[in-house]
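Peer 1: Got a structure here, written out as structure tokens. Questions coming.
The values are calculated or read from the model by the stated rules, or taken from the named source; none is laboratory data. What you see is a predicted model; the values in this text were computed from it and never measured. Glycine gets a Cβ as well: all are built from the backbone with ideal geometry, and neighbour counts include every protein chain shown. Protein only, heavy atoms only, side chains kept; ligands, DNA and RNA dropped before computing areas. Shrake-Rupley method; radii C 1.70, N 1.55, O 1.52, S 1.80 Å.
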Amino acid sequence: MKKEYAVQMASSNLRYGTGVTREVGMDLKDRGIQRVLVFTDRNLANLHPVITVREALEQEKIEYDLYDGVRVEPTDVSMKEAIAYAQHGNYEGFVAVGGGSVIDTAKAANLYASYPADFMTYINAPIGQGRPVPGPVKPLIAIPTTAGTGSETTGVAIMDLTDRHAKTGIAHRYLKPTLGLVDPENTRTMPPVVAAASGLDVLCHALESYTAIPFNQRPRPERPIYRPAYQGSNPISDMWALKAIQLTSQNIVEAVRNPENEEARSNMILASSMAGMGFGNAGVHLCHGMSYPVSGMVKSYQPPGMKTDHPIVPHGISVILNAPAVFRFTGSACPERHKHAAILLGAGDDSKDISPEEAGSILCRQITHLMKQLDIPNGLSAIGYTRDDIPALVQGTLPQHRVTKLSPKVASEEDLYRLFEDAMVAWEE
Ligand SMILES: NC(=O)c1ccc[n+]([C@@H]2O[C@H](COP(=O)([O-])OP(=O)(O)OC[C@H]3O[C@@H](n4cnc5c(N)ncnc54)[C@H](O)[C@@H]3O)[C@@H](O)[C@H]2O)c1
């Protein structure tokens, strides 16, 4: 096998600044776009970010329809509804105002409105056919309201396949939004549970992309077009990931507890986009791969303080609950990286104090310290899972090759079983 020797960095255009949402009408007008569909969800429809977008479009006389039917944690069913809506309005472009659920739904709607096909056509193999997106899609401006998924920077759209109780997605560079408007003003109204969950998603994006298998240990593609979006850890993604870990470590608790603190909020939305630039090119691994069945098989859990009409494990929570077990497991594969991340999370400045054998456990200790401060449930058992669910959780993780194969340490079926067992309880009470 010839080893990979190159990395390709791709990202959306981003514009960062407080109040930048007000520029969206001018952006569309300057691109000659006169008619758009605005995607959001019902909670956000009457909140500041959507109101600001509507005012900005009206000011520039951009015609628009508002689609507020996005499901929080989208499914194939909810995405098909959004696609049907997008296909019939002669829209010249799209605007997504919301968290990852809204931005991902807009990406899928844009794709299938541009290139109609059976839903499984572009879904990642082996679950779907994994066919590449045939060409450029219509312009999409993404305006995140969580900090967050980094979806404004990536070519990834994630959804639950209802019949299979499993999450999967579509990943292609053509799905990247044309422009991301990253405005700290838009995250002010996040309920604490959403701020905590989405902030811990940022942390896992950064930790997983930094500890992923190095890009030059993957096989070299025959043609540049076959180089995947998720390429493994690499020197460019590392810079974004490390800065995102540092910013998250310094700001997440304050941003969750005090949403009026503009500096903490601004740093968290910056961290979110930075982590997105990193993982959008490096990829994520086991915390995410294991999270998909955790959210797909949700039983009756409804997070306190989150408005939702269905049981839900918020994405960030489904990811962070696996993190302590995962990093204990991967620590030995790249101890220096686990140690560096632990130090950025406050494990003490003197790296001599941390031996390679304990790097993974020390990183876990720092993660669980943050989880406790943010009132995160203590492991999978605290959101309704028991040991009897482990075989199904493992079976739900096995097809997530696209991310699990980026783990720095190969995880066999037996390893996954043990990882879920370990993830049942995150810390001793
Ligand atoms: N495309 C990617 O690269 C990528 C990366 C990570 C996660 N995801 C996906 O994104 C989804 C999760 O997105 P998320 O964590 O951003 O949350 P979300 O979009 O699911 O929203 C969570 C809840 O917060 C509310 N909310 C969002 N912003 C708000 C605000 N400013 N004020 C008040 N309420 C607000 C929403 O209405 C919703 O009830 C999952 O489906 C996940 O799989 C995608």
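Peer 1: Going by the structure shown, is residue 73 of a type outside the set (A, V, I, L, M, F, W, C) and at pLDDT below 95?
Peer 2: Spelling it out, residue 73 is indeed of a type outside the set (A, V, I, L, M, F, W, C) and at pLDDT below 95.
Peer 1: Of everything in segment 77-119, what is open to solvent by 20 Å² or more (accessible area, probe 1.4 Å) and acidic (Asp, Glu)? Give them in sequence order.
Peer 2: Listed by number, the residues that qualify are 81, 92, 118.
Peer 1: Which is under 23 Å from the mean Cα position of the chain (by Cα) and modelled with pLDDT of 95 or more, of 391, 408, 399?
Peer 2: 408
Peer 1: Residue by residue through segment 1-19, note down the ones that are out of contact with any helix residue (DSSP H, G or I) (no Cβ under 7 Å at 6 or more places or on another chain) and buried (at least 19 other Cβ atoms within 10 Å of the Cβ).
Peer 2: Across segment 1-19, the qualifying residue is only 12.
Peer 1: Restricting the first residue to segment 36-47 and requiring it to be over 21 Å from residue 87 (Cα atoms), which pairs with a second residue that is within 7 Å of the ligand (Cβ to nearest atom) and open to solvent by 10 Å² or more (accessible area, probe 1.4 Å) meet a Cβ separation below 6 Å and a spacing of at least six or different chains?
Peer 2: Listed pairs, sorted by first residue: 43/307; 47/189.
Peer 1: If I ask for residues that are modelled with pLDDT of 95 or more and farther than 29 Å from residue 293 by Cβ, which ones from segment 88-101 would you list?
Peer 2: Across segment 88-101, the qualifying residues are 91, 92, 93, 94, 95, 97.
Peer 1: Same structure again: Where in segment 258-342 are the helices (runs of 4 or more DSSP H), entirely inside, with at least 2 residues that are on the phi < 0 side of the Ramachandran plot, more than 11 Å from the ligand (Cβ to nearest atom) and surrounded by 24 or more Cβ atoms within 10 Å (Cβ to Cβ)?
Peer 2: Passing ranges, in order: 262-282, 286-296, 323-330.
Peer 1: Sort out which residues of segment 23-43 are within 16 Å of the ligand (Cβ to nearest atom) and open to solvent by 20 Å² or more (accessible area, probe 1.4 Å), and write them in order of number.
Peer 2: 42, 43
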